[in-house]
Every structure is written in C-alpha cells, then in structure tokens.
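The values are calculated or read from the model by the stated rules, or taken from the named source; none is laboratory data. Given the structure is predicted, the values throughout are model-derived calculations rather than measurements. Using ideal geometry, Cβ is built from the backbone for each residue, glycine included, and neighbour counts are taken over all protein chains shown.
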C-alpha cells in the first residue's frame, strides 16, 4: 500500500472495519485490490467504490459484491466520467426557475430519451458528459434549455407555421432544413436580447474549425433570418431553396423536432385557453365595477383590447414599463392578475397575435366547463411522488454504522385504508360534543385571518406595554419611542398539513382508539379553515415491505368515504418511520403552501425487523427528518409515549414534539402549531 497521510489512513482503517463487520470475505477481497484502487482513484473515489460494493452486498449478496470488487477498473473509468458529468435532477429546479425568469409561458424541465420541446415541457437527457469540465456540462444543460425556450418564445412553434410545415411534401427531407434555418433565426434573436448567453452558446457549440466555417457559410446564404423582424414563416419560405444543400453540423445544444407531437398539444391548449381567457375577462368585468363609473361604459358592450404586442416577438414584457403587455377595458386599465397576463402571453406565443374574437366577451358570459391543465396541490403531489402505485417505489435508508445511505433499500407501496361503514365517526362527535365547540372556536379565531401587531408608529389602539416602557425611558432621561400603537393586520395563513398516523401493531387497543378519535376531532376542526390537509397511515414489515395507507388526500373533501376510512384504521405490523417520512415529505414539498407541516401521531420509537431498532432506527428517522426539513417541511411529533422525552428531542429537536395523555388535548396542540407558524 502506498504511504498515506494520517487523514487518508483513517479512511482506510474505517473502510476495513466496516467490511469486516459486514463480512470477513468482503474485507479480504477489498484489501487485495486496495493498492490498485488508490492508484486509480482519489480517496473520495475509493469511498464511492466501497459504497457501490456495499450496495451490491445489500441487494444481491456476497457473490455480487466480490464481483464489484473485481471490476475495479471499469468502476474507476465510469467514476471519472461521472465526476465531470452532471445529472439533470441536480439542475432541474434551477433550470425551471431560470426559464421562468426569462419570460413567456412557464415550461417544465423533464428527463427524456430525445432532446426537444412539446411547447409545455423541455425534455433533456438524464446525464450530460460532453465536456471535460463539470461546469461546462452544467452550462450546456442551461444553454440547451434556453435554446428550446427560444423556440417557444420567438414563434418557432406558432400554430400557422406548424400547420404549414406539416403540409409540406417530403416532410422528412424538409424538417432538418427547417431546423437548421430556425437555428440561425433563434440564435440571432438570442444575440440581440441576451448577448451574454449568446457568447456562451458560441463557446460551447462543440464544433471544430470546419464545422464553424460551414455554419458561417450557411449564415451568409440565409442572412435574411438574422434580421430582428424575421419569423418562422421566413424560415419556411427558404426551405425549398436549401433542399439538397449540405446542412451545417448540429451544435451541442440543438435538439430534435417532433411537429406532430407539438400540434397535438397546441390544438388542445388553444381551445382551452380561449375559453379560460373569456371566463377570466368576464370575471374581471364583474369584479371591477369601478371601471364603468370611470367611463368605460356598459360592461356588456365595452371592448377589451391589448397593447404592447410586438409582431416580431409576440410581446415585449408582462411586467411594468414601456412596451409592457397591457390589458385595457374600454379606455381604462383594470387590475389584471398574473394568471390572466400569463394566459395572454401563452395565447400570443401560440398564435403570434391575439385574435379579436378572444376579447369579445359579454357581461353575462360564463363559459363552459373545460379541462384545467394546471395542477392543484393534489395533482402536484401525484406528479411528485405517485398515487395509486402499481409497483413499489424505492427509497434510501441511512446506515449510521457505515455513515452512508443504503441506496434504493426500502420498497414502499401505497394503498387505501379499507373503509368500515359504522357509526364510529358520528359516535365520536356525540361523545365529545361539548368539547368540540371549544375546539372549533380555537380554529375559528385563525379562520378570521387577523393578527395584532404591536409597537407600531400608527394604529387603531394604544399599545399599553409599549407606553409603559416609553414612560420609563422618559423618566430616565432617554428618548421616548414613537412605536406606541397597535393595529390589527389581515394575516395570510397559507398552511398545508399532513398527518402521518402510526398503524403499527403496538397501537392495538386503546391507542388505536385514541388515534381515530383524535382524527375525527381534527377533521371537524380543520374544516373550519380552507387550508389543505391530508391523512396517511404507515406500517410495514422489513425494508422489503413498507406500506403507506391513504385515508384522505389533499384534494379530497371530508366525505363519507373518508370518514369510513378513519373508522377502518387498524393496527398492522411494525414502525419503519424513515421511509414514510421521506415519501410523505415529497407530497408536502410538491405543494405551493408557504408553511408545510408533517405531524406524526405515534406511540413509540421506530422499530422493525432486520435491525431497525434502537439507535439504528432513530438515526435513520432523524436523517429523514433533516431531509424533509431541508425541503421546506416543518416536522412535528405528537406521542402518547411517556418515555418519549428520552429520544424525541434527539430525532425531532427539543421544541418539535409534545406528549399528550388525553385525546381531547390533540386538536389544541395542532392549533398551537398553526398559530406558532402564522403569527
């Protein structure tokens, strides 16, 4: 073994100890290849190699792990490639926000087999390793997304151009020519509006000298497309003159064209957005009667108009300022919300203009039902983590003894709680009918949406606490504060809450009854608010059979079916908490609520077969809590275990749990959590 510095030697000693603990044969084979590993890889690379070996051992046994040790050279080559490469999942949130900042219709960024846009999403490869430097590959992801954003933003997929393209004879020959012509037009537009981005496009085009010379010649032959007013129809007009000519090489960020896919999306969206816009304009006319008083005329006959549309671009900006897209009602500008403005942007992108009939809305127009393509909180949750799972979803588990994750270790499935049609729900309401009135009042105070702000410069009442302090300051010769008033301010309570209910076998008996009664009272209390809430149970037996039980999804009302599911909650097997927290945390992270709560109702420590008990289970649960907290979720635990004070502060934090001994206290605890987050 080469001579190592003390820090590296400690790493080696730790690896050997871990492998010896798991299996002595693993340590023996690993030791035999360690010198070669240190020669091929840095310490971090050898650490990654050992993680891969342990993953193989966990999933496929000793033989597969020894095979992974023998294949060291292949791993080293792949590892070096991955060090410079980038995964899409690392950049996906950034790319979507970046494209939103550029303007135009919001676009999703998704993993796809081909690189293209269907005008609603941009599909990119799961992994990029074109350049030697990781930073260049990250930039290439951004440039590819921007280039396909430009196809949407600058009319490349306008309906009239698309229909004409698909009517061309010999489309397979014409399509590559159209794509090459459009690349000239789009890059010229990016150079005009985003010169910094265009410099990066030129730096990372991945063309050799011959390729750049051919592209320059192609630009000279079609320089009309470099003009600021050029549109997709100009590219279309030049297809016939370029058929049969050698095409320039594709650049690194160029993708593919699938016009049939785009046309299907576009036609569906155009119809929906016309209906949606007319409904929105009718609503604006009804909600802002002051426009009529100001002289806009009869809302049944007044004309809607839009200014700020640039025929070459579609529109300049949806924001304030010169050239901004502006909606007018008669001669007045109403307060149009962002949704209406974004709708106008999307329509203009698809059609290149805003047809007059889109703005011909009578005061009584209400439209007709249409399919809303936007996802509400429940739909977002489906997309994020998958409802009605046909197959298991795999999650990692934190192994504190190895100080690393066991990747794709826990297999989780999700099913509905079998409903039980009985009188449990109504019986619980009757049992706690007097107590329930107090619970409702506790939540009603938050539903009113006001909070008192003290120590204000101006206000409705004198803040006597502040006045006393100011008087004391004055007697001591200090300057009196001017903040002597209090006022009531309409608060914005934007909270979503998920209840994660322990359904392990240890809840059998009175604990299960307490949980179900508590859920009845919580449902009745939370119905006073408009905040979305969901209820899920969790249990399982070993890491191969982790289970989530749906009681109420975010988008569901508290229907008779939900009440029957609450009645049907019954004890199952064991308590593998980490995987449940990771899974349900994804649902919450998909919501757009300002405050997102994950409240666990449990009777004890995490415990399951396969060593998931004691410190191991606590460490994995603690790690899962840290993960969801980093994703903007506030975890809290409510338990009936009197010994919980010994371990819950370590897992949740000293202020993020409570112990109760009476079901009637639970709604008040939830109310306290709400109030803490919203005041």
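Tabulated values for the structure
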{"read-out": "Test result for residue 618, more than 22 Å from residue 518 (Cα to Cα), modelled with pLDDT of 90 or more, buried (at least 19 other Cβ atoms within 10 Å of the Cβ) and in contact with a helix residue (DSSP H, G or I) (Cβ under 9 Å, 6 or more places away or on another chain)", "value": "yes"}
{"read-out": "Of all residues making up region 77-99, the number that are in contact with a helix residue (DSSP H, G or I) (Cβ under 6 Å, 6 or more places away or on another chain), buried (at least 18 other Cβ atoms within 10 Å of the Cβ) and part of a helix (DSSP H, G or I)", "value": "4"}
{"read-out": "Meets criteria (under 18 Å from residue 410 (Cβ atoms), assigned by TED's automatic domain parsing to the domain that holds residue 503 and over 17 Å from the mean Cα position of the chain (by Cα)) for residue 610", "value": "yes"}
{"read-out": "Hey, residue 48 closer than 24 Å to residue 395 by Cα and assigned to a helix (DSSP H, G or I) or not", "value": "yes"}
{"read-out": "Some residue of region 330-352 being assigned to a strand (DSSP E or B), farther than 30 Å from residue 49 by Cα and modelled with pLDDT of 50 or more", "value": "yes"}
{"read-out": "Filter result for the condition that a residue is touching a residue at least 24 places away in the same chain (Cβ under 8 Å) and more than 32 Å from the chain's Cα centre (by Cα), over 180, 213", "value": "180"}
{"read-out": "Flag if residue 584 is surrounded by fewer than 21 Cβ atoms within 10 Å (Cβ to Cβ), under 32 Å from the mean Cα position of the chain (by Cα), assigned to a helix (DSSP H, G or I) and in the same structural domain as residue 627 (by TED's automatic domain parsing)", "value": "no"}
{"read-out": "Residue 672 vs. criteria closer than 29 Å to residue 436 by Cα, in the same structural domain as residue 524 (by TED's automatic domain parsing), without any contact (Cβ under 8 Å) to a residue 60 or more places away in the chain and out of contact with any strand residue (DSSP E or B) (no Cβ under 9 Å at 6 or more places or on another chain)", "value": "no"}
